[in-house]
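Novice: Below you will find the structure I want to go over with you.
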Amino acid sequence: MSQLFTDACYNINDEAIVDLQNMENNFQALKTSFSGTSAPTSTSSNTIVAGQRFFSTTAGHAFQVYNQGGTAWRGIPTFGYVSNVGYEELWVYSNSAIEGWVVDGGISDCVLALQGGTYGVPRTLSGSWTTPSHVVLDSEMGSHLHYFYTPYGIPMALLGGGSGGFAYVSPEEYVTGYTGGSTGHTHGADGTPLRPQAAVGVLIYPGLG
């Protein structure tokens, strides 16, 4: 499509066919938003101005507009309907939908997550708010002692002390066997880290070219 736009498309001294062709090119450029594989550039007869639009036909590139300072093209987010998936959506920090948008009431009470790891499928809810159960092992308990006393201070037994031992403390006091390592533990099955329930998506940015 044409990216040619002749600013001075009419001159009384020009041949009619020249001016008419310039006008046709101008209309075509406007109609197609100056579409092409690369952005238009200023020439002696065509000055790129702030607010001018450009539609890139390169895959993955965005609809763009020339910035207010007249120095660079900026991507404009566009959203549409993906077959068998649904509308592309955007998260905003607001209590209601912005003008022209609708709140998706089917997604609630979850965090946002980026695809990766166990969050492997975009546009799904993954994870859980429920903490998995865990059986505390002996090695995970804090090391501690169990005291008991003999009747009338008469020794009942005397064994070696230490972890798992039965130790003499005083004529009336003994210590049962003990264990514990105070090591940490997880609350996931097989050590799997907890993943809060999340709406899984991907982080995107405008493709410019």
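Quick note: the coordinates plus some simple rules give every number you see, no bench work behind them. What you are looking at is a predicted structure, and each value in this text was computed from that prediction instead of being measured. Using ideal geometry, Cβ is built from the backbone for each residue, glycine included, and neighbour counts are taken over all protein chains shown.
Novice: Would you kindly state how much longer the chain becomes between Met23 and Phe79 on full extension, computed as 0.36 nm times their sequence separation minus their alpha carbon distance, in nm to one decimal?
Specialist: Computed gain between Met23 and Phe79 is 16.9 nm.
Novice: Ok, one more. What list of ³J(HN,Hα) couplings, whole Hz, do you get for region 99-106 from phi and the Karplus terms 6.51, -1.76, 1.60, once you set θ to phi - 60° and write x for glycine and proline?
Specialist: With coefficients 6.51, -1.76 and 1.60, one gets 4, x, 10, 10, 6, 7, x, x Hz.
Novice: Could you please report the charge total around Glu89, scoring K, R as +1 and D, E as -1 over all other residues with beta-carbon less than 10 angstrom from its beta-carbon?
Specialist: Once positives and negatives cancel, what remains is -1.
Novice: Hey, what do the phi angles of region 41-48 turn into as Karplus ³J(HN,Hα) couplings, whole Hz, using 6.51/-1.76/1.60 and θ = phi - 60°, x for Gly and Pro?
Specialist: 10, 5, 10, 5, 10, 9, 9, 6
Novice: Please compute the net charge surrounding Thr6, taking Lys and Arg as +1 and Asp and Glu as -1 over other residues with Cβ under 13 Å from its Cβ.
Specialist: -4
Novice: Considering the convex hull of the alpha carbon atoms of region 34-123, report its projected area averaged over all viewing directions, in nm², one decimal.
Specialist: Taking the Cα atoms of region 34-123, their convex hull projects to 9.1 nm² on average.
Novice: Give me the distance in nm between label points sitting 7 Å out from Cα along the Cα-to-Cβ direction at Glu140 and Ser45, one decimal.
Specialist: Here the answer is 7.8 nm between the modelled labels.
Novice: Now, a different point. List the chymotrypsin sites (Phe, Trp or Tyr not before Pro) within region 1-31 that fall in a DSSP loop (any state other than H, G, I, E or B) and whose Cβ has at most 12 other Cβ atoms within 10 Å.
Specialist: Those that pass, being in a loop and sparsely packed, are Tyr10.
Novice: In whole Hz, what ³J(HN,Hα) sequence does region 76-92 give by Karplus (6.51, -1.76, 1.60; θ = phi - 60°), x for Gly and Pro?
Specialist: Ordered by residue, 3J(HN,Hα) equals 10, x, 10, 10, x, 9, 9, 4, 6, 10, x, 6, 5, 10, 9, 8, 10 Hz.
Novice: Determine the sum of side-chain charges near Ile107: Lys and Arg each +1, Asp and Glu each -1, restricted to other residues whose C-beta is under 11 angstrom from that of Ile107.
Specialist: Counting the neighbours of Ile107, the net charge comes to -2.
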